[in-house]
Structure formats: C-alpha cells, structure tokens
C-alpha cells in the first residue's frame, strides 16, 4: 500500500513537472516577437588617428527580436547616441571641454539564450553601420562638415528577466568596432585610419507579443 501510494505521488509530481515544462516551453515558442527600449552609457574609446581621449554619450536603444526557437533569435538594433561634454586631454598638458558628434548605430544580428525559470542569459553578435552626424561646432571632436558612415560590428551579452509573461527587464552590454576608410575626414591621418572601439552598457524594459 505504501509502495503504491509512493508511486502515485511520484507519478503525480512527474506529471506536474512535465506539464509546467511544457507550458513554459509553449510560452517561449508562442511569444516570438520582443521589443525593448533601453538606455545607459556609451564610451567612444581612444583611437590613434581620430580620438585623443575617451568620449561619452547617452544611448537610446530600440531593439526588436524574433524568436525562432527558445534558444535562438534574430534581432535588429537602432541606437541614437546623445553626446556628453567632458574635459578632454588635448595633448601638451592642455585640456578642453569636448563632446563627440551625435551618432546613429544600426545593427542586425543573432542572439543565443539559455531560458531558465525567470531569466534568460544570452550572448549576441551582429553587423551593420555607424553614422557620425555632421557637426562642425568648436566643442565637437572630431569636427565634421559632412556625416561619415562606416561599417561596424558588435558582440556582447546580457540577460532578460521576466516580470510576467508579457513584460520584462533587460540588461545588455555590447562592444562595437567601426572601420573608417583610410581617407575618412576626421577619422584618418596621412592616408590611414584605425578602427574605432566603443562599448555600450544599457538597462531597460522589454515587451513580448
């Protein structure tokens, strides 16, 4: 009798576990489209042919992703970088208040995640372009008479935290590399240009359809 009761309890527990797992998997599969809005801090790191010191911006990010499987998604990422003024070392012991141009970054890529009970850590990578918008103001670095667009790629990772089946919180970190042409005005010196390395940390909310 005890053995029968134990087997019944064990069977019920297994059935409940399988049902919960199936429901969770169904939720992941049925909620394929995800939209996120994020903000944080962006650093334009030192570049020997264009940027003499670290410059910062505030990123406003719109990210849209489509979930092919519970572990794999395609994503598109649009970022507007709002420049922040700071004291910059101009060389020879001289400092001045400078800020970078306004920047637009648009990337497409893939995201691989590991869905857990309440959160999903992930890694991601993508390719696209970065546009430094024209601005020849005296406080801009570099000063650009024309906008400059260049190929760029990104890689990084983060995590999504589910608040309920629809809303969640996302933390994301990305490193960017942009590649100006060797004659790009403002980004090249003597016919050569180094890659521009940038990094972006953001936090925001996402909505799953």
Just give me the residues in the stretch 85-105 being part of a strand (DSSP E or B) and at pLDDT below 95, in sequence order. 86, 87, 88, 89, 90, 91, 94, 95, 96, 97, 98, 99
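Here is a yes/no grid of residues against (1) surrounded by 19 or more Cβ atoms within 10 Å (Cβ to Cβ); (2) assigned by TED's automatic domain parsing to the domain that holds residue 165; (3) touching a residue at least 40 places away in the same chain (Cβ under 8 Å):
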| site | (1), (2), (3) |
| --- | --- |
| 107 | yes, yes, yes |
| 112 | no, yes, yes |
| 120 | yes, yes, yes |
| 125 | no, yes, no |
| 130 | yes, yes, yes |
| 138 | no, yes, no |
Restricting the first residue to the stretch 163-175 and requiring it to be assigned by TED's automatic domain parsing to the domain that holds residue 60, which pairs with a second residue that is at pLDDT below 95 and surrounded by 17 or more Cβ atoms within 10 Å (Cβ to Cβ) meet a Cβ separation below 8 Å and a spacing of at least six or different chains? 165/208; 166/208; 167/208; 168/162; 168/208; 175/198
Of the residues in the stretch 64-82, those that are surrounded by 14 or more Cβ atoms within 10 Å (Cβ to Cβ) and in contact (Cβ under 8 Å) with a residue 40 or more places away in the chain come to 65, 70, 71, 73, 75, 77, 79
Checked the stretch 157-194 for anything within 28 Å of residue 74 (Cβ to Cβ) and surrounded by 18 or more Cβ atoms within 10 Å (Cβ to Cβ); matches are 158, 160, 162, 168, 170, 172, 174, 176, 178, 180
Residue 110 passes all but one of (1) within 16 Å of residue 197 (Cβ to Cβ); (2) within 13 Å of the chain's Cα centre (by Cα); which number fails? (1)
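The values are calculated or read from the model by the stated rules, or taken from the named source; none is laboratory data. Small disclaimer: the values here were computed from a predicted structure and weren't measured. Every residue, glycine among them, receives a Cβ derived from its backbone with ideal geometry; neighbour counts consider all protein chains shown.
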